[in-house]
Amino acid sequence: MKRYDVAIVGAGVIGLAHAYAAAKRGLKVVVFDRSPMAEGASVRNFGMIWTVGQWGTPLADVATNSSRIWRDILADSGIWHDPCGCLTLTYNQDEFQVANEFVAMANDPTIRLIDPSEIAKLSPSVRQEGLLGGIFSEREVHVDPRDVIAKLPGYLESKYGVEFNWRHCVTRIKTGAVHVGQHGWEADQVIVCTGHDYETLFPEHFHESGLSRSKLQMLRAMPKGDWRIGPMLCAGLTLLHYKNFANCPTLNQVKARFEAELPEHIKWGVHLLVSQHGTGELVIGDSHEYGLAISPFNHEHVDQLILDYLNLFLPTSQIEVMLRWHGVYSTNDAGQVYEAVPLPNVHIVTGVGGAGMTMSMGLGERTISQLMI
Ligand SMILES: Cc1cc2nc3c(=O)[nH]c(=O)nc-3n(C[C@H](O)[C@H](O)[C@H](O)COP(=O)(O)OP(=O)(O)OC[C@H]3O[C@@H](n4cnc5c(N)ncnc54)[C@H](O)[C@@H]3O)c2cc1C
């Protein structure tokens, strides 16, 4: 059997982040993924490294560190990214009040309230009618998930000697070894980053874990014409989805209004995030269906709910939808991330929910630094 310091199962962003943190310390690292290329949540997302969404949560420092590591990797590898920041738009007085409350609470010069005239300069394509203002969080970075997740393995291989084994479904793990069918690899530490797959490895453990899944519908569109959105965008419904806004006193009022005005959006967990790649393509989403059973089929009316809400701040007559898909992530109601040690020197890291791109590098760094003590 070949011998390694660290074996990582799963080449999604969480696995790649752990591979980076270990290999950067000079450890001998091997990665396994059952697919010919990563095709899970990590290539299906917006590519938002959105630290403001973690503000005030127990993992806020991990998010900040993650963003710093991402910037180092992106600069060193030359992979496309855009440090464009993120704008949360408000069109209702109660949303605007939450924005004010949040910015006051955050008390951070990189998170500020801006008025419609400044928004018009940053993002000329955004609707101005009824716009009251927005939160501009300038430190947020955008990556193209398909691009970055495809290129990171090559970067890790050539710069740090990480070995990748694609089309290798790990079927058994014991302390000190990873098995793919009859073949085995020895490793001092094994890190299991298998996303929302709870059935292949440690099924009894996952059965008891309380972890679940969320399915999100997404669209990709081209702008008609040569316009860009500037920062990544979101709006009022997003205030309901992220814990950073949870302590804002006016949030309950926003929630009650949306429940009365947009009950279908609330039922399907629709809120709006928009990012734009270097090619001009817009990534638009999303919805949330929770539960272990994931339907393979998308609901057309949910896509329509997404587009209807988008139209409140970005005219949908100015885009052409090119692609539709859904992604699934692992959710952990008990906390922001699921970490467990089912066997000595075997570590599970999953359950990062809708913040895995943001948190990945910080989580990888944290796990590996703890193992090195
Ligand atoms: C639609 C959508 C939008 C999102 N937007 C954002 C965003 O903008 N910003 C953000 O921070 N987060 C976002 N997220 C969340 C983020 O994408 C996830 O938290 C993150 O990608 C999870 O990464 P992962 O590596 O745990 O899982 P995955 O990407 O699913 O990777 C798991 C990998 O493990 C492999 N695997 C599983 N079992 C085995 C096995 N037995 N042997 C070998 N390989 C195995 C799979 O093939 C897969 O490649 C979004 C998620 C979705 C679905």
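The values are calculated or read from the model by the stated rules, or taken from the named source; none is laboratory data. Because the structure is predicted, anything quoted here is derived from the model rather than measured. Using ideal geometry, Cβ is built from the backbone for each residue, glycine included, and neighbour counts are taken over all protein chains shown.
Annotations
Table: residues versus (1) farther than 30 Å from Gln370 by Cα; (2) touching a Ser or Thr at 6+ places or on another chain (Cβ under 8 Å); (3) of a type in the set (Ser, Thr, Tyr).
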position	(1), (2), (3)
Ala21	no, yes, no
Glu39	no, no, no
Val62	no, no, no
Asp76	no, no, no
Asp94	yes, yes, no
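- Test result for Thr250, touching a strand residue (DSSP E or B) at 6+ places or on another chain (Cβ under 9 Å) and hydroxyl-bearing (Ser, Thr, Tyr): no
- Residue within region 135-143 that is within 26 Å of Leu251 (Cβ to Cβ) and either assigned to a helix (DSSP H, G or I) or in contact with a helix residue (DSSP H, G or I) (Cβ under 6 Å, 6 or more places away or on another chain) (or both) present: yes
- Lone qualifier among Glu101, Glu95 - being touching a residue at least 60 places away in the same chain (Cβ under 8 Å), more than 16 Å from the ligand (Cβ to nearest atom) and closer than 20 Å to His271 by Cα: Glu95
- Count of region 161-179 residues which are acidic (Asp, Glu) and not in a strand (DSSP E or B): 0
- The number of residues in region 9-50 that are in a helix (DSSP H, G or I) and either more than 20 Å from Ser275 (Cα to Cα) or outside the structural domain of Gly176 (by TED's automatic domain parsing) (or both) comes to 11.
- First in region 256-283 and within 11 Å of Ile306 (Cα to Cα), second anywhere and surrounded by fewer than 13 Cβ atoms within 10 Å (Cβ to Cβ) and at pLDDT 95 or above, Cβ under 9 Å, 6 or more apart: Glu264/His301; Trp268/His301; Gly269/Tyr290; Val270/Glu264
- Within region 1-57, tally of residues that are within 6 Å of the ligand (Cβ to nearest atom) and under 14 Å from Val190 (Cα atoms): 7
- Subset of region 144-158 [out of contact with any strand residue (DSSP E or B) (no Cβ under 7 Å at 6 or more places or on another chain), part of a helix (DSSP H, G or I) and in contact (Cβ under 8 Å) with a residue 60 or more places away in the chain]: Pro145, Arg146, Asp147, Val148, Ile149, Ala150, Lys151, Leu152, Tyr155, Leu156
- The condition (being of a type in the set (A, V, I, L, M), more than 16 Å from the ligand (Cβ to nearest atom) and in contact (Cβ under 8 Å) with a residue 24 or more places away in the chain) is satisfied by just one residue among Leu312, Leu305: Leu312.
- Applying the criterion of at least 2 residues that are surrounded by 20 or more Cβ atoms within 10 Å (Cβ to Cβ) to the strands (runs of 3 or more DSSP E) found wholly in region 291-364 leaves 319-331, 346-350.
- Taken over region 180-211, the residue count meeting the criterion of being outside any strand (DSSP E or B), under 20 Å from the mean Cα position of the chain (by Cα) and not polar (S, T, N, Q) is 6.
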